[in-house]
Each structure stands twice: as C-alpha cells, then as structure tokens.
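Chemist: Quick one: the structure is below, questions incoming.
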Amino acid sequence: MEDWRRLADQMVREQILARGVHDARVLQALREVPRHRFVPPALRGRAYADAPLPIGSGQTISQPYIVAYMTALLGLRGDEKVLEVGTGSGYQAAILARLAREVHTIERLPHLAEQARQRLADLGLRNVTVHVGDGSQGLPALAPFDAILVAAAAPAVPQPLLEQLTVGGKLVLPVGSRGFQRLERWLRTPKGWEREVLEPVAFVPLRGEHGWGED
C-alpha cells in the first residue's frame, strides 16, 4: 500500500483526535506503524478503517481508536517495562514498542505468536519479546511491570496481573460478560489498588486460568 502513510494520518485525524485522544506520542506511533502489515492480505484495503478486523482463529485486531485510547490510558513516557496480554496480530505491541523501553507480549495460540514475532522483527522492533502461554497469569518471572495492557475481556480483573504491577503502575483491561464489557484502569498505590471504570467496549474473551474457560 503505497499511500499507507496518508491513510494512517487520516485515521489519526478523523478517528482518534476527533474522539478526544490527544497524547502526542500515541498519535505519532499510530501514524508510524503500518497497520496494513498486521491484517490478512484480503483485508488490507480496510486496514485503516474505523473498525476491528478478523485475523483468524476467532481473534481480531482492535479498532484503531480503541488501540489509541487504551494506550493513552497507560500514560507511557518512554522508560517503562510493559506487559501486553493477547498479542493477536502484534499491532498493539508494535505501538507499545514505540512508546516504552521494553515490551513483553504473551499469546496463547502459538501460530499467532509466531506470525506476530515475524511481523515485529520485519519492522525492526527489537525491544519486543513475544511469549506463548496463559496471559491471564501474566509473566511472573519477568515482573514487575510499569504498565500492563490486556487486549481481551476478563470476567474479573486477574489478581496475578495486579500483583505484577510496580507501585505507581497501571493496568488497563476490559472487564465484564462475553458480550459487553467496560474498560477499567487500575493503579497500584503503596496502600493497594485504585480502580476507574471507563467506557463500554466489546472484546474477544480472555482465555486461561484467571479468564474464561475454553467452552
């Protein structure tokens, strides 16, 4: 797609800025990451559209606005170690990689993890490591994390993820039923955790020990 930079800039102006996301670093990352590289070839003409898109295996690449909004909620400054749960296509990890010092992303489906790993490598993003496993358990061996973003819906906030935050760290995730959730942002303080309940969303379910079962 020779005109992808124009499409990405239009996406940022019309879909993200227009909805109130003004974090300059997040907006620039959305302009610089070629979103069409993270969708199936047959859908590349819709890569910059205002919608989530299927990527196979019942998974999706999130709507650009939701990617931007959730990322902005983390308030990244550039020196953080970040965990993403639910690698999917790798697009969200690519955005985070431009905003943080170190990114770890975990995917339960090995073939999706390998595809994402290759896309990220092809883009020269060397501060991202893709892991295969149960994302609802986080990555305790690599904790703590300054920020955690969960790109799948949990029935309740997974306690292991809260425990893996640094003091001052933030966790952003969708929580609710399989058909309807609200974004939540959790802040770890010296005394415990503080929760904000934000706007309604619809995500694929988070599978795993601290998420939904496989039925």
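The values are calculated or read from the model by the stated rules, or taken from the named source; none is laboratory data. Just so it is clear, the structure is predicted and the values come from calculations on it, not from any experiment. Every residue, glycine as well, gets a Cβ built from its backbone with ideal geometry; the counts of neighbours run over all protein chains shown.
Chemist: Can you spot a residue in segment 88-110 that is within 17 Å of A153 (Cβ to Cβ), surrounded by 24 or more Cβ atoms within 10 Å (Cβ to Cβ), touching a residue at least 60 places away in the same chain (Cβ under 8 Å) and in contact with a helix residue (DSSP H, G or I) (Cβ under 7 Å, 6 or more places away or on another chain)?
Modeler: yes
Here is a yes/no grid of residues against (1) farther than 24 Å from A72 by Cβ; (2) in contact with a Pro (Cβ under 8 Å, 6 or more places away or on another chain):
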{"residue": "E114", "(1), (2)": "yes, no"}
{"residue": "P160", "(1), (2)": "yes, yes"}
{"residue": "G169", "(1), (2)": "no, yes"}
{"residue": "W212", "(1), (2)": "yes, yes"}
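Chemist: Any residue in segment 158-179 that is crowded, with 17+ Cβ neighbours inside 10 Å, farther than 27 Å from P200 by Cα and at pLDDT 95 or above?
Modeler: no
Chemist: Examine segment 171-178 for a residue that is under 24 Å from H131 (Cα atoms), without any contact (Cβ under 8 Å) to a residue 40 or more places away in the chain and in a loop (DSSP other than H, G, I, E, B), and state whether such a residue exists.
Modeler: Taking every residue of segment 171-178 in turn, none turns out to be under 24 Å from H131 (Cα atoms), without any contact (Cβ under 8 Å) to a residue 40 or more places away in the chain and in a loop (DSSP other than H, G, I, E, B).
Chemist: Now for a separate question. Return the pairs, sorted by first residue and then second, in which the second residue is at pLDDT 95 or above and surrounded by 13 or more Cβ atoms within 10 Å (Cβ to Cβ), the first residue lies in segment 1-30 and is within 14 Å of V67 (Cα to Cα) and small (G, A, S), the beta carbons are less than 6 Å apart, and the residues are 6+ apart or on different chains.
Modeler: Close Cβ pairs satisfying both conditions: A8/R31; A29/I95; A29/R98; A29/L99.
Chemist: I need the full set of residues from segment 127-163 which are without any contact (Cβ under 8 Å) to a residue 60 or more places away in the chain and among the polar types (S, T, N, Q), in order please.
Modeler: Across segment 127-163, the qualifying residues are N127, T129, Q159.
Chemist: Quick one: which of G169, G124 is out of contact with any Ser or Thr (no Cβ under 7 Å at 6 or more places or on another chain) and at positive phi?
Modeler: Of the residues listed, the single one that is out of contact with any Ser or Thr (no Cβ under 7 Å at 6 or more places or on another chain) and at positive phi is G124.
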